[in-house]
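J.: I have a structure I would like to understand better, so I am pasting it below and will then ask my questions one at a time.
Computed from the coordinates by the stated procedures, all read-outs in this text should not be read as laboratory data. Predicted model, so just to flag it, every value in this text is computed and none were measured. So basically every Cβ, Gly included, is an ideal-geometry build from the backbone, and we count neighbours across all protein chains shown.
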Amino acid sequence: MDGHATGLLEQLAAIVGRRHVIAQGEDQEPYVVDWRGRYHGRSVAVVKPASTAEVAAVVKLCAEQGIPVVPQGGNTGMCGAATPDASGRAVVIRLDRLNRVRAVSALANSITVEAGCILADVQRAAEEVDRLFPLSLGAEGSCMIGGNIATNAGGTAVLRYGPTRELVLGLEVVLPDGTVLDRLRRLRKDASGYDLKQLFIGAEGTLGIITAASLKLFPRPRASAMAMVALPDIDAALTLLGRLRGTLGDRLSSLEAMSRGQIEVIAENVPDVAIPFALESPWYLIIELTDTLAGTDLRTPLESVLGQALEDGLLTDAILPESVAQAEALWRIRHSVSEGSKRAGHVVSHDSVVPLENQAAFARDVQARIAGVAPAARIVMHGHIGDGNIHVLAILDRDTPGIPALAARINEAVDDVTTALGGVISAEHGIGQTNTARLGRVAAPADLGLMRRLKALLDPGNLMNPGKVLPPA
Ligand SMILES: Cc1cc2nc3c(=O)[nH]c(=O)nc-3n(C[C@H](O)[C@H](O)[C@H](O)COP(=O)(O)OP(=O)(O)OC[C@H]3O[C@@H](n4cnc5c(N)ncnc54)[C@H](O)[C@@H]3O)c2cc1C
């Protein structure tokens with residue numbers, strides 16, 4: 001390590017404490033490799049500040065010395081967005097010591113938390129005041145709320161509560177020059193100028209570091225009903241969605257689809273997941289209804305809609321769990337999708353979203369196009385069907401020759417179908433470093449131009465998570 005790096009480590013240690021600066025070496029490994037294991041970066045130091053003031057001081061120091069910074073939450077992202085490049089120049093700012101609940105109000109239905117709070121801890125803090133924080137996803141035990149906001153995470157409750165963007169009331173952000181932007185208001189109404197917090201939601205840490213957030217809470221569901229159904233085709237899922245919405249309104253809180261192949265991948269690769277039915281249909285759907293009024297009977301109307309659907313040939317089978325344990329076992333299948341797929345081979349995964357009425361066409365077209373480009377790929381799908389977002393995975397044998405070129409051709413095929421059907425290439429996982437070229441290929445020039453101008457305005461030195469989101473100019 002040269003004298004300049006040693007001097008930097010001393011300066012960082014003076015801000016956050018020596019114990020919270022991890023210099024190059026094995027101890028950095030968990031912070032410089034992404035969740036999928038695709039990117040192996042290096043960093044001059046991983047630092048763990050414990051307050052907004054410490055984050056601001058680290059960012060200011062790095063800005064003054066022209067050192068790139070990479071914000072990092074739980075490092076569960078899907079696109080290498082929190083992984084530094086291989087140059088070893090960047091400082092990774094890991095947020096896990098900013099983990100306090102600053103305020104919670106059952107009356108105002110709001111909670112203010114620091115960015116390094118684990119999502120499951122935010123959910124628990126809401127429960128303690130008898131409220132719900134509805135964001136829910138497979139990584140909730142390790143992803144952090146700052147990362148959720150920076151990626152505009154979706155998850156399984158979007159149908160009813162919207163993506164993370166719709167759950168944010170206010171943000172506190174450290175800008176690329178170290179200035180603290182305090183927009184941590186908990187106001188439901190605010191017509192006083194530009195809504196600046198929106199800039200940082202979904203920006204994947206390229207415009208600033210979120211240090212705290214005020215979030216919306218909701219009444220807790222006290223009644224629920226659930227079913228897992230087998231379908232002859234994806235069109236049936238959309239017809240069923242229309243009927244469930246028409247009958248049950250916004251009591252419909254989740255509608256998660258999985259192709260048979262997707263469940264087979266889970267069954268083959270995640271040993272402790274039980275599949276309590278024979279896999280004989282091409283599509284499966286988890287339906288969950290909730291209501292805040294204790295004692296509300298949701299099962300009877302659900303059975304009635306499903307009974308009619310069975311008669312009409314929209315379903316081939318249905319399971320309604322008899323206990324909480326059975327319901328959790330069904331959800332466990334859905335939550336094992338990422339783990340199972342990761343173990344199955346080299347996954348070329350997609351996060352397209354299309355208008356709902358085009359979703360069935362999307363699933364069919366994309367299957368045919370990928371099969372044309374990569375006949376040996378195992379094509380499986382899962383997704384949040386009610387909001388138009390189906391994840392298409394092309395799983396390749398790890399020893400397939402020429403994977404990068406093949407993956408690029410698969411991506412082009414999927415992106416062409418997505419854009420032709422009026423969609424975008426990422427609904428919830430983001431662009432990160434994996435998808436910058438894809439964004440460059442499909443985004444409108446006016447969109448990209450404005451994004452670049454905003455980035456240059458806020459971060460003229462291109463030091464805040466460089467190489468992420470924006471394609472190279
Ligand atoms: C098993 C599993 C299931 C998943 N399921 C879903 C799902 O259903 N829906 C979904 O949307 N995602 C899902 N994901 C992806 C991932 O969990 C989400 O993207 C999550 O929001 C990332 O949070 P994180 O704290 O791990 O962020 P990280 O991976 O650490 O970072 C992600 C991005 O946010 C930036 N960032 C992190 N913290 C901050 C901050 N405080 N300020 C500014 N920028 C910051 C990083 O620089 C990076 O660009 C899943 C992941 C796994 C492993």
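J.: With the dipole of region 75-176 worked out from charges on the C-beta (+1 for Lys and Arg, -1 for Asp and Glu) around the Cα centre, which of 104, 136, 88 lies farthest toward the positive end?
T.: The residue sitting farthest along the positive end of the dipole is 88.
J.: I need the shape label for region 167-238. Rule: rounded when a/c is under 1.5, else prolate if a/b > b/c, else oblate, with a, b, c from the alpha carbon gyration tensor.
T.: Numbers: a/c = 3.02, a/b = 2.05, b/c = 1.48.
It is prolate, given that a/c is not under 1.5 and a/b is the larger ratio.
J.: Here is a further query. Using amide H atoms built in the peptide plane, which far-off residues or other-chain residues are under 5 Å from residue 88 H to H?
T.: Under 5 Å from the amide H of residue 88: 42.
J.: Cα centroid distance between region 338-396 and region 89-149, in Å?
T.: Centre-to-centre (Cα) distance: 30 Å.
J.: What is the magnitude of the charge dipole of region 223-336 about its Cα centre, with +1 placed on the Cβ of each Lys and Arg, -1 on the Cβ of each Asp and Glu, and no other charges, expressed in debye to the nearest 20?
T.: 220
J.: For region 101-219, what is the relative contact order in percent, using Cα pairs closer than 8 Å and at least 6 residues apart in sequence?
T.: Numbers: 239 pairs, mean separation 38.5, N = 119.
32 percent.
J.: For residue 420, put the label point 7 Å out on the Cα→Cβ axis and report which residues of region 323-366 keep their amide N under 18 Å from it.
T.: It comes to 351-366, nothing else.
J.: Give, as ranges by residue number, the residues of region 240-283 whose backbone N falls under 20 Å from the point 7 Å along Cα→Cβ of residue 371.
T.: Counting backbone N atoms under 20 Å from the label point, the list is 258-265, 280-283.
J.: Put a dot 7 Å past each Cα toward the Cβ at residue 99 and residue 250; how far apart are the dots in nm?
T.: Once both label points are built, they end up 3.3 nm from each other.
J.: Same structure, new question: Taking the Cα centre as origin and putting +1 on Lys and Arg beta-carbons and -1 on Asp and Glu beta-carbons, what dipole magnitude results for region 345-431, to the nearest 20 debye?
T.: Working: 5 positive and 10 negative charges, 52 e Å.
In total the dipole reaches around 240 debye.
J.: If contacts are Cα pairs under 8 angstrom and at least 6 residues apart, what is the relative contact order of the chain in percent?
T.: Working: 992 pairs, mean separation 70.8, N = 473.
Result for the chain is 15 percent.
J.: Say each of residue 86 and residue 13 gets a label point 7 Å from the Cα, pointing the same way as Cα to Cβ; how far apart are those two points in nm?
T.: 3.0
J.: Follow-up. Taking every alpha carbon pair in region 128-272, what does the distance histogram look like in 10 angstrom bins from 0, in percent?
T.: Spelled out bin by bin, region 128-272 gives 9, 30, 30, 21, 9, 1 percent.
J.: Sticking with this structure for a sec: Using alpha-carbon positions, what is the distance between the centroids of region 255-284 and region 430-472, in Å?
T.: 37
J.: While we're on this one: Testing the spin-label approximation: label points 7 Å from Cα along Cα→Cβ at residue 405 and residue 38. State their distance in nm.
T.: With each label point 7 Å from Cα toward Cβ, the separation is 2.0 nm.
J.: Which GluC sites (Glu not before Pro) does region 251-335 hold that lie in a coil by DSSP with at most 11 other beta carbons within 10 Å? Intermediate results must be reported in sequence, preceding the final value.
T.: Numbers: sites: 256, 264, 268, 280, 288, 303, 311, 322, 328; in loops: 280, 322.
When the GluC sites (Glu not before Pro) of region 251-335 are filtered for loop state and at most 11 Cβ neighbours within 10 Å, 280, 322 remain.
J.: Continuing with the same structure: Shape call for region 13-77 from the C-alpha gyration tensor, a ≥ b ≥ c root eigenvalues: rounded (a/c under 1.5), prolate (a/b greater than b/c) or oblate? Mind showing how you got there, number by number?
T.: Working: a/c = 1.76, a/b = 1.68, b/c = 1.05.
Since a/c reaches 1.5 and a/b is larger than b/c, the shape of region 13-77 is classed as prolate.
J.: Where in region 452-473 is the amide nitrogen less than 19 Å from a point lying 7 Å along the Cα-to-Cβ axis of residue 165?
T.: 452-455, 469-471
J.: In the chain, if the dipole is taken from +1 on Lys/Arg beta carbons and -1 on Asp/Glu beta carbons about the Cα centre, which of 147, 308, 435 is farthest to the positive end?
T.: Going by the Cα projections, it comes out as 147.
J.: Given charges of +1 on the Cβ of Lys and Arg and -1 on the Cβ of Asp and Glu, with all other atoms neutral, how large is the dipole of region 3-96 about its Cα centre, in debye to the nearest 20?
T.: On the way: 9 positive and 9 negative charges, 15 e Å.
Dipole about the Cα centre, nearest 20: 80 debye.
J.: Where both residues lie in the chain, what percent of DSSP beta bridges are antiparallel, nearest 5? List each step's numbers first, then the result.
T.: Working: 61 of 70 bridges.
Antiparallel bridges: around 85 percent, rounded to the nearest 5.
J.: Farthest toward the dipole's positive end in the chain, which of 259, 472, 17, given Cβ charges of +1 (Lys, Arg) and -1 (Asp, Glu) about the Cα centre?
T.: The residue sitting most towards the positive pole is 17.
J.: Would you compute, from DSSP H runs of 4+ residues alone, the mean residue ellipticity of the chain at 222 nm, taking -39500 (n - 2.57) per run and dividing by the full residue count, rounded to the nearest 500?
T.: Details: 15 runs with 165 residues, N = 473.
Rounded to the nearest 500, it is -10500 deg cm²/dmol.
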